[in-house]
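See structure below.
The values are calculated or read from the model by the stated rules, or taken from the named source; none is laboratory data. Since this is a predicted model, take the numbers as computed values, not measurements. Cβ placement follows ideal geometry from the backbone for every residue including glycine, while neighbour counts extend to all protein chains displayed. Just the protein is used for accessible areas: all its heavy atoms, side chains included, with ligands, DNA and RNA removed. Shrake-Rupley method; radii C 1.70, N 1.55, O 1.52, S 1.80 Å.
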Amino acid sequence: MTKIRILPEILSNKIAAGEVVERPASVVKELIENSLDAGSTRILIEIEKGGISLIRISDNGCGMSRDDALLSIERYATSKIYSDEDLFSIHTLGFRGEALPSIASVSRLSIISREPSAESGTEIVMEGGKILKVSDAGAPAGTQITVRKLFFNIPARLKFLKTIRTETGHISDVVSNMALGWPNVHFRLVHDGYAIQNWAASDDHTTRIAEVLGNTLENNLSPVSAKNEDFCISGWISRPDMTRATSQGIHVFVNRRFVRDKMITHALMEGYSGRLMKGQFPTAVLFIAVPFRDVDVNVHPSKQEIRFFRKQQIYEMIVDAVSSCLVHNQKPSWVHSESGETSVISEALAHSEKKHPLPFSGIIKKSLSDTASTYQLPGFSGSKKNPAGQAPLWETAQPENLKAIGQFFDSYILCESGANIVIIDQHAAHERILFEKLADRATGKKLPAQRMLIPETLELNYRQSHILERLIPDLEKYGIEIEPFGKQSFVIKSSPVMLSGNEIKTLITEMVDSALETGIDSNMGKTVEECLKLMACHGAIRANQTLSSSEIAELITEIEACKIPGHCPHGRPTRIKWQRQEIDKLFKRT
C-alpha cells in the first residue's frame with residue numbers, strides 16, 4: 001500500500017481555506033473584491049456576531065448565469081485569467097478561483113445571482129462544501145452571497161477567533177480600506193442590524209478620505225504626485241507635526257489594490273527624513289499605478305503582499321514626491337472647487353527655512369545666565385528663590401554631591417559628582433519624573449485638569465472608538481475628560497494641566513493606536529501603563545529647550561528621587577557617566 005495519497009476534494013478545500021480564510025474579515029475581503037471585479041457601484045455588507053454567525057454581501061454588479069454560478073464554486077474556476085501571460089498581468093482584484101470553494105468548505109453558504117438581462121436568477125445552497133440545492137430564484141440584478149456559521153466544521157479554527165468586537169473591528173478595517181481605494185462605490189456596513197459605516201459614492205477622492213479617516217485631517221493633508229512614462233504616484237500625506245505612534249495610518253494602493261509593502265513604507269519614511277521624531281509615523285493615502293506586468297500579486301494567498309519588478313525606480317519616485325511635497329506645502333489645507341476637483345492652498349510662512357524648537361508652554365525660555373527665574377516645571381514640587389540673591393549655579397546644593405555645571409545643546413545637563421562627570425538627558429529625565437508621578441496617582445485623587453473653553457471633537461474608526469470607550473474611565477483619573485458624541489465621535493472636555501499647550505487630540509489618538517498594538521482585551525493594566533508613558537512623553541520638556549538654573553536644580557532633585565532614575569519609561573537612559581580616569585586617559589595623563 002502506498003504512503004502517498006491524493007486528498008479528497010473537501011479536505012483539500014479546507015486546507016486552502018486555512019490559507020485564504022483566516023477570520024471573518026478574510027471572507028469579507030474576498031467577497032468584496034469579487035463584487036468590485038463585477039463592476040458593482042453599491043455594496044451592502046451585513047454581519048452578525050462579528051461575522052461568525054452571518055456574513056452577507058449584496059451587490060449590483062454584472063451577476064452570474066446558472067452555469068457560471070455553478071462553476072464559481074469549483075476550485076480554480078475563474079473568469080479572470082486564461083493563460084500564463086494573464087497570470088503575470090493581473091487586471092482584477094481576484095483571480096485565483098479559490099475564494100468561494102474555500103469559504104463554502106468551512107461554512108453554510110448560499111449564492112443568489114442574476115444577470116441584468118435574465119428573467120430569473122439562480123440560487124445555490126451549500127454546506128461544508130457539498131451542494132444541497134440548485135434552483136431558480138427571483139432576485140435583483142447582481143449577486144448576494146450569504147455565509148453562515150463560519151468554521152462550524154473546524155472547531156479548532158473557531159476557538160482561535162477573538163471577541164465579537166475584535167472581529168467586527170477587523171471587518172470594519174477591511175471595509176474602510178476598500179472604501180478608501182474605491183470612492184465611486186457606495187459601501188454600507190451593518191452589524192447586528194445597526195449601520196456602523198455608510199459611505200455614499202463620490203467623484204471626489206478627498207471627500208471619501210475625510211469620511212473614512214476623519215474630518216480632523218481635512219486641513220492637515222497635502223497632495224503628493226509624481227509621474228513618468230511607466231509609473232504614476234498620487235495621494236495625500238500629513239504634515240510632519242501630525243503623527244501617530246504606529247504605521248496604521250499609512251494606506252497604500254497599487255493598481256487600486258490595498259497592500260502592505262515594507263519598501264513603500266520605507267520610501268515614505270525616507271521622504272520625511274529629518275522631519276519626524278523617532279518612532280512616529282505620518283498619515284498617508286498613496287495610490288501607485290504601474291503596468292500590470294511590472295507587479296506580481298501572486299505572492300501570498302491573501303493577495304496583500306506584492307513584488308515589484310522595478311522597485312528601485314518606484315522607491316526613488318516615492319521619496320522624491322514626498323520630500324518635494326513637504327518642501328512646497330509647509331502648512332497645507334485642501335478645499336473643494338466648484339468642479340469637484342481638489343485644490344491646495346499653501347500658506348507662505350516667514351522664515352520657513354529656520355528651525356524652531358518644539359513648543360512647551362510650561363517653561364519660560366531663558367538662558368542659564370538669567371538666574372531670576374523661579375518658574376515651576378509642570379510635575380515638579382516647586383523651585384525656591386534664594387532670598388539673599390541667586391548664588392552661582394555650581395553652588396546650588398544637590399543630592400549625592402551632584403553639582404550642575406551647565407546645559408549644552410539646550411538638551412543635556414552636565415554635572416559633576418565626585419570623580420565622575422554625569423550627563424543627563426533632560427527630556428528622558430523629565431519623562432521618568434512625570435511617569436512616576438502619574439503612576440502614583442493611579443490610586444489617589446484625580447490629576448489637576450483644566451476645562452476647555454471650546455471642547456474639541458475627535459473622530460475615530462470603529463476599532464479605535466471601541467478602544468477609547470474602554471479607556472475613558474481610566475483617562476478621567478488623569479484629567480482627560482471625554483464623552484461619546486454619536487457613533488464614532490467623541491468630545492474632549494478637559495486635559496491635564498501638565499499637558500497645557502500640547503495637542504490633546506494627537507495624544508489620545510496615539511494612546512488608542514498603542515492600545516491596538518498591545519491588545520486591550522488581554523491586559524487592561526498594561527494598556528493604561530502605555531497611556532501613561534505617552535502622557536509623560538508629551539508633557540516632558542523637550543530637547544532644544546533652554547532651562548534656567550532653578551529648573552535644572554529642580555530637575556536633578558526630582559530625578560534622583562525617582563524609583564527608577566536611570567531610564568525613561570520607554571527604556572532610554574536618562575544619564576551617562578564618565579569616570580575621571582577615563583577622561584585622564586583621553587588626555588594622555590595616565
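A few notes on this one:
- Once all protein chains are placed together, K311 keeps about 120 Å² accessible to a 1.4 angstrom probe.
- Relative contact order for the range 115-219: 14 percent, from Cα pairs under 8 Å spaced at least 6 residues apart, divided by residue count.
- Over the range 189-244, Cα pairs under 8 Å with separation of 6+ residues give a relative contact order of 20 percent.
- Taking all protein chains together and rolling a 1.4 Å probe, Y194 ends up with roughly 120 Å² accessible.
- Distance violations [Cα-Cα > 32 Å] among K262/K533; K29/K487; K403/K493; K403/K533; K487/K526; K563/K585: K403/K493; K563/K585
- R463 exposes around 50 Å² of accessible area when a 1.4 Å probe is run over every protein chain in place.
- Computed E for R148/R42 - FRET, C-beta separation, R0 30 angstrom, nearest 0.05: 0.85
- Take every Cα pair under 8 Å whose residues are at least 6 apart in sequence, average their separation, divide by the length of the range 456-513, and the relative contact order is 37 percent.
- Interchain or long-range residues, amide H under 5 Å from E456's placed H: I492
- Amide H contacts for I250 (H built 1.01 Å from N in the peptide plane; partners 5 or more residues away or on another chain; cut-off under 5 Å): A284.
- Taking amide H positions as modeled 1.01 Å from N, with prolines and chain starts lacking one, the residues under 5 Å from S202 and 5 or more places away or on another chain are N184, V185.
- Cα centroid separation, the range 541-578 to the range 472-540 (Å): 24
- Each label was represented as a point 7 Å from its Cα along the Cα-to-Cβ direction; for S247 and M277 these points are 2.1 nm apart.
- Spin-label pair E503-R451: with each label point 7 Å from Cα along the Cα-Cβ axis, the two points sit 2.7 nm from one another.
- Taking 7 Å steps out from each Cα toward its Cβ at N184 and S489 produces label points 3.0 nm apart.
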